Every structure is written in C-alpha cells, then in structure tokens.
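Here the structure comes first, spelled out in structure tokens, and everything after it is commentary.
The values are calculated or read from the model by the stated rules, or taken from the named source; none is laboratory data. This structure is a prediction, so every number in the text was calculated from the model and none was measured. Glycine also receives a Cβ, built like all others from the backbone with ideal geometry; neighbour counts cover every protein chain displayed. In case anyone asks, the SASA skips ligands and DNA or RNA and just uses the protein heavy atoms, side chains included. Shrake-Rupley method; radii C 1.70, N 1.55, O 1.52, S 1.80 Å.
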Amino acid sequence: MFARFISGSVRRTAAWPSAARMYSSAGRPQVLLMDEIQLATKDLERLSQNVELLRNDTKTRAEFLEALAPGGKYAAIQGMYRHFGGARSVRITGRFDQELVNALPTSLKFIVHNGAGYDQLDIPALTAKGVQAANVPTVVNAATADTALFLLIGAMRRFPLAMSQLHAGTFNQQFPFTTAADPEGQVLGVVGAGGIGQTLAKKAAHALGMRVLYHNRRRLSDAQETAGMPEGTRLQYCATLGELLEQSDAVSLHCPLTPETRHLISDAQLAQMKPTAVLINTARGPVVDEEALVRALEQQTIAGAGLDVYENEPSVHPKLLELAKTRAVLLPHVGTLSLQTQTDMEATCIRNLEHGLATGRLAYTVREQEGVAF
C-alpha cells in the first residue's frame with residue numbers, strides 16, 4: 001500500500017482530492033502539530049488551506065494532558081503530527097503510553113509519526129482507542145542504509161583508533177593494520193530484512209563485494225532474495241539468529257523494537273560472534289544490551305561496533321564514549337537526518353494525513369493496524 005501511495009518519491013506532485021472535495025464535514029478539522037514542519041513547506045501550505053492548524057505550546061506532560069481534556073485547547077483535534085527526534089516533543093509528552101492514549105480526545109482519528117521506528121507509540125492502546133497511526137517506511141531506507149555502511153566500514157577498518165592516534169600526534173606509526181579488515185569478500189549478516197535491511201544488503205553487495213546473510217521472522221520470497229543483487233548472487237537465509245552470528249564478519253541490526261527484540265543482542269549472542277566481527281546498530285538502541293556490548297568490546301569478544309542509536313538516548317554509555325577512541329564508531333542518531341530524506345518524511349506524513357481526513361482512512365498505517373476495521 002505504501003509503495004502505491006508514495007509513487008516513487010514524494011518530491012513528485014501527486015494527485016490529491018481538490019480542496020472543494022476534501023473535508024466535506026462542516027467546519028475545518030483541527031490538526032495539532034506537535035513538532036514543526038520545517039522543510040515540506042508547500043505541502044504544509046496546502047494542508048493549511050483546508051484545516052485549522054494548531055501548534056503545541058504546552059511545556060510539560062501535565063499541561064499537555066490538560067489541553068487534551070474536555071474543554072481544553074486540543075480537545076477537538078482530528079489529526080496529529082509528531083517527530084521521533086529525542087530533542088523534540090517527546091521530551092514534553094513522554095511516550096504515548098496507556099495513560100496518555102486514554103487522555104486523547106475521542107475526536108482524534110489520525111496520528112502521523114515522522115520516523116521509521118515507532119516504539120514511542122503504544123499501538124495496541126491506540127488501536128483500542130480507534131486512532132489510526134502511521135510511521136514513515138521506505139523513504140528512510142537509503143539514508144539509513146548509507147549510515148550503516150559508514151559505520152560498518154569505520155568499524156571494520158578500525159578508523160576510530162586511527163583518528164584517535166591522529167589527534168594524539170602519532171599519525172599512523174602505531175596503527176595495528178593487521179587488525180583492520182577490508183569488507184570485500186567478507187560476510188554481512190542482516191538481522192531484519194525489511195526495507196532498510198534489503199537496501200543495505202544490495203549496497204554492500206554491489207559497492208563492497210560482500211556476501212549477505214539474513215535472519216528474519218519470515219523468509220523472503222525467491223524474488224525478494226535476488227532482486228537488485230549482483231548477478232548470480234542472492235540474500236542467503238539463516239533460520240536462526242545464532243546461525244547468522246556464527247558466520248558473519250559484520251552483523252547489522254534492522255529490526256523494530258518490540259518486547260521480543262529488547263536486548264536481542266546480549267552476552268550470549270555476542271559470544272556467538274567471531275572475535276574479528278563487528279556489530280552495527282541503526283535500528284533502536286534497546287535492541288542491544290549496552291552493558292553486554294561494553295563488556296564484549298573491552299574483553300575483545302568482538303572486534304568493534306558502529307552505533308547510531310543508544311539504549312538510553314540522548315544519554316550515551318560513558319564507557320562507549322571511551323571506546324570511541326579505539327573500537328566504537330559513534331553517531332548521535334542521525335541516520336535519517338539529511339535534507340532530502342527529512343523533506344520526504346515530512347511530506348509523506350502530511351499527504352498521509354490529508355488522505356485520512358479526506359477519506360476517513362490513512363493511505364497506510366503501521367503494520368499492526370493493517371486490516372483493522374476503524
């Protein structure tokens with residue numbers, strides 16, 4: 001559904017219901033912007049012609065809950081836009097947990113969440129409340145895969161140590177090049193072969209000459225395993241996570257954060273990896289047990305790590321910051337933070353919300369709400 005909705009890139013002009021046909025109910029529906037639309041300004045202007053835009057000005061969770069209550073300034077909203085960023089509205093509202101969802105007005109029908117991961121939203125609670133929720137898949141695939149590639153190359157080539165030695169004034173005199181590995185001919189293990197995982201696999205196979213294994217809840221189709229891969233190659237399925245960990249020179253995580261995937265990688269799993277292997281995480285921080293990862297890096301159970309996400313972000317484990325001088329490539333959750341990708345993500349959210357307000361149903365929802373009758 002999303003692929004048909006997006007029609008390639010949202011930077012194209014899409015066909016939408018005319019203003020005369022949109023929002024046929026009396027009065028203009030209210031849409032609450034929890035975070036600012038900074039880039040997709042033409043889409044925002046179009047939306048503003050058909051809805052009453054409200055901008056969140058509450059400063060605390062308690063104020064926000066009060067504003068949602070009957071008689072409150074947000075008590076009649078029908079749609080909501082929010083951004084995943086840790087420095088944005090989530091600092092005010094906290095997670096959309098059962099308490100907050102219970103406080104949402106009955107008028108609210110749609111939440112569009114600007115982010116690929118949506119663990120900040122209690123989807124079962126929203127579904128029970130009758131609120132449709134959508135994230136932003138597909139648009140983020142290339143940018144996140146590029147970030148994973150950067151982390152992978154940096155970790156395998158031991159660039160953190162090289163940069164640390166450069167700043168220390170020793171240049172490359174003491175660089176242990178025998179512990180640095182070229183990706184070509186190495187095995188990449190992808191955990192979670194959704195859109196991002198498949199995109200990374202294709203990039204790594206073509207650009208770096210890596211062989212790619214994957215572990216997924218369900219095996220991909222034959223067509224999916226070969227699509228976009230170099231001729232004569234395919235994604236190779238591993239039925240168990242352990243099988244993938246034992247064979248991979250680099251393990252890259254691309255699974256959603258759920259109760260089942262929290263600490264999916266901990267001491268036992270890290271011990272299954274090769275001592276020369278590296279771990280890459282651009283998914284969600286809590287998928288990895290950071291205490292276990294620190295131990296594995298300090299004890300050289302694995303060779304290195306590349307992280308864009310953290311278990312308690314924006315806080316970063318202090319020992320990881322120390323390891324950034326030797327074995328860890330660290331980024332501050334910037335996987336999708338590029339001009340083009342953020343523009344597309346904002347536009348996707350607006351257009352999905354417009355579709356919902358015009359038809360009563362979002363063009364697509366999060367996976368857990370597919371097929372749900374609202």
Expected vector for the range 194-209, Karplus 3J(HN,Hα) from phi with 6.51, -1.76, 1.60 and θ = phi - 60°, integer Hz, x for Gly and Pro, equals x, x, 5, x, 5, 5, 4, 4, 5, 5, 5, 5, 6, 7, 10, x
For the range 246-374, shape from the Cα gyration tensor axes a ≥ b ≥ c, cut at a/c of 1.5 then a/b versus b/c, turns out prolate
Heavy-atom accessible area with a 1.4 angstrom probe orders H113, H167, H263, H215, most exposed first, as H167, H263, H215, H113
Contact order relative to length for the chain, counting C-alpha pairs under 8 Å separated by 6 or more residues, stands in percent at 19
If one compares the long axis through the Cα atoms of helix 339-359 with the longest principal axis of the Cα atoms of the chain, the angle in degrees, nearest 10, works out at 40
Measure of exposure for R361: accessible area at 1.4 Å probe, Å² rounded to 10, is 80
By the C-alpha gyration tensor axes a ≥ b ≥ c (rounded if a/c is under 1.5, else prolate when a/b exceeds b/c, else oblate), the shape of the chain is prolate
Rounded to the nearest 10 Å², the accessible area of S221 using a 1.4 Å probe with every protein chain kept is 50
Longest principal axis of the chain (C-alpha) makes with the long axis of helix 159-168 (C-alpha) an angle, in degrees to the nearest 10, of 80
Among Q236, N114, Y364, the residue whose Cα sits farthest towards the positive end of the charge dipole of the chain (+1 at Cβ of Lys and Arg, -1 at Cβ of Asp and Glu, taken about the Cα centre) is Y364
With every protein chain kept in place and a 1.4 Å probe, the range 72-139 has an accessible area per residue in Å² of 33
In whole angstrom, the spacing between the Cα centers of the range 216-235 and the range 41-97 equals 41
Beyond 12 Å, the calculated P(r) of the range 257-301 holds a percent of Cα-Cα pairs equal to 58
Magnitude of the Cβ-charge dipole (Lys and Arg +1, Asp and Glu -1) of the chain about the Cα centre, nearest 20 debye, reported as 800
On the accessible surface of the chain, probed at 1.4 Å with all protein chains in place, carbon and sulfur together account for a percent value of 53
Descending accessible area (1.4 Å probe), largest on the left, turns F84, F177, F150 into F177, F150, F84
Env charge @ A207, Cβ radius under 15 Å, K,R +1 / D,E -1, value +1
At q = 0.12, 0.24 Å⁻¹, the log10 of I(q)/I(0) for the range 66-163 from a Debye sum over equal Cα scatterers comes to -0.51, -1.28
In whole percent, the Cα-Cα distances of the range 170-312 spread across 10 Å bins from 0 upward as 12, 42, 33, 11, 2, 0
